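The values are calculated or read from the model by the stated rules, or taken from the named source; none is laboratory data. Keep in mind it's a predicted model, so treat the numbers as computed, not measured. Every residue, glycine among them, receives a Cβ derived from its backbone with ideal geometry; neighbour counts consider all protein chains shown. Protein only, heavy atoms only, side chains kept; ligands, DNA and RNA dropped before computing areas. Shrake-Rupley method; radii C 1.70, N 1.55, O 1.52, S 1.80 Å.
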Amino acid sequence: MSKKLTSRAEDYSKWYNELVVKADLAENSAVRGCMVIKPYGYAIWEKMQAELDRMFKETGHQNAYFPLFVPKSLFEAEEKNAEGFAKECAVVTHYRLQNDPDKPGKLRVDPEARLEEELVVRPTSEAIIWNTYRNWIQSYRDLPILVNQWANVVRWEMRTRLFLRTAEFLWQEGHTAHATKQEAIEETQQMNNVYANFVENFMAIPVVQGVKTESERFAGADETYCIEALMQDGKALQAGTSHFLGQNFAKAFDVKFANKEGKQDYVWATSWGVSTRLMGALIMTHSDDSGLVLPPNLAPYQVVIVPIYKNEEQFEAISKVAEDIMGDLRDRNISVKFDKRDTLRPGAKFAQHELQGVPLRIAIGPKDLENETVEVARRDTFTKETVILDRITVVVEDLLEEIQESLFNKALDFRNSHITEVENFDEFKDVLENKGGFISAHWDGTNETEEKIKELTKATIRCIPLEMKEEEGVCVYSGEPSKGRVLFAKAY
């Protein structure tokens, strides 16, 4: 942990990879393309889970669990969905191993144990869930179904990066069923708002809400809503999506219900999800060349107390004060750790907690005991102040709120200063190459233009912002008429 990180300016990608490993968040595993999420990283994910789970339940959703394996015949029932994910699927073809007669002590796949039907390892669960819903739904009285699943999924990636793109990752996926189109659309919008609320207020990351273009939509959806965030290197990251699935899956799996008039109708559907990609967003939005910078709402512990002492007597006196501080902070639901390890010097502890992004550090030494004070250091600004012991709880509480707000405002200022309006393709390419960020540009609405811009620049339409104002203009590439601006960017 003592080794310095590569700076963001020198090599942003290398900085990110080093930080994930050195801050003890995750590491590559023996399975190609898969990661081990270490306890410190998983503690952050657990905090995300807990808050999202609370928000889901407040909006009427319940958790359930569905199988990891999807029979191929079910997976291919909704053609667009199957086609969209086909190249990323891991497939189980056999159900048994046996001793290899040609290689003693080794195993081989038993050629006689081939499955009658291949099983797809879920890349997403619409198929298995809608086949299940067919048995749950007969009448409008059975609707709506508001279900969420916390699970892992597999999408076979060839080029992987910890948290951002791995062959297996953790996520939640909501799958709801409704009696009317309007109700399903409202659900889709509501969950996109939930994601935006969580990412902005809990992760301190500003987002743009919008809808995807037809070519960027979820496979099998009629409309995909999204939240897009901007990283410090000027690239966008899709932080969450919510899909209005229409009646596509209901028709594919013959899920009908008797409506209030007694007539048979197909059910309306939504699905929505966020994943451990949010960990990547968190790291790349706030962190610096010294390590992680965590918003207090997500830090595994918000405060660390480090004792500075020369002998056992001093340590015992400092420990008593530290225990009192911890009790008062925990009474206010502030998570705190007393780092009393005797294997590291105080300076090494400071460096570790700085690297791991602990929002506040309290140092207590013999002089502090004499003066009835402590030293409080902020991770985000590196500023320190001496605080009277009697006021420490109030000061810590105020500082944590201030850090949370400050991180959001800093990220918002960066994001807003990196939304650039352009009027022609030369400006478009110049901003993309030399400034980065979101490019606000007119688009003629055609797949051909979208694909050509992507081919020439590697920039994609991140979203059509929900707050986009209608204005007549000319497409930045084709010169054809346009009704409004969309946001382009290079993306993860």
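What FRET efficiency comes out for Asp426 versus Ala317 if R0 is 60 angstrom and r is the Cβ-Cβ distance? Round to the nearest 0.05.
0.30
Which loop GluC sites (Glu not before Pro) in the range 31-112, with loop taken from DSSP, have no more than 10 other Cβ atoms within 10 angstrom of their Cβ?
For GluC sites (Glu not before Pro) across the range 31-112 that sit outside H, G, I, E and B with at most 10 neighbouring Cβ atoms in 10 Å, the list reads Glu112.
List the trypsin sites (Lys or Arg not before Pro) in the range 402-492 that DSSP assigns to loop (not H, G, I, E or B) and whose Cβ has at most 16 other Cβ atoms within 10 Å. Which are they? If you can, show how the numbers build up before the last one.
Values: sites: Lys410, Arg415, Lys429, Lys435, Lys452, Lys454, Lys458, Arg462, Lys469, Lys483, Arg485, Lys490; in loops: Lys435, Lys458, Lys469, Lys483, Lys490.
Passing both the DSSP loop test and the Cβ count: Lys435, Lys458, Lys469, Lys483.
If you roll a 1.4 Å probe over the heavy atoms of the protein chains, what accessible area per residue do you get for the chain, in Å²? Mind dumping the intermediate values first?
Details: 23600 Å² over 492 residues.
I get 48 Å² per residue for the chain.
Once the piece of chain linking Glu46 and Ser13 is laid out straight, how much longer is it, given 0.36 nm per residue of separation minus the C-alpha distance between them? Kindly include the intermediate steps, with their values, before the conclusion.
On the way: separation 33, 0.36 × 33 = 11.88 nm, distance 2.56 nm.
Gain on stretching Glu46 to Ser13: 9.3 nm.
Tell me the GluC sites (Glu not before Pro) within the range 1-30 that lie in a loop according to DSSP and have at most 12 other beta-carbon atoms within 10 Å.
Glu10
Please compute the Cα-Cα pair-distance distribution of the chain with 10 Å bins starting at 0, giving whole percents from short to long.
4, 17, 24, 23, 17, 10, 5, 1, 0
Considering only C-alpha atoms, what is the centroid distance from the range 224-264 to the range 47-81, in Å?
When both Cα centres are located, 12 Å separates them.
How much length would be gained if the chain were fully extended between Asp102 and Ile388, taking 0.36 nm per residue of separation minus their Cα-Cα distance, in nm to one decimal?
95.4 nm
Taking the 0 to 90 degree range and rounding to the nearest ten, how far is the long axis of helix 312-331 tilted relative to the main principal axis of the chain, both from C-alpha atoms?
For helix 312-331, the angle is close to 40 degrees.
In the chain, carbon and sulfur make up what percent of the accessible area (probe 1.4 Å)?
Numbers: 11010 of 23600 Å².
C and S fraction of accessible area: 47 percent.
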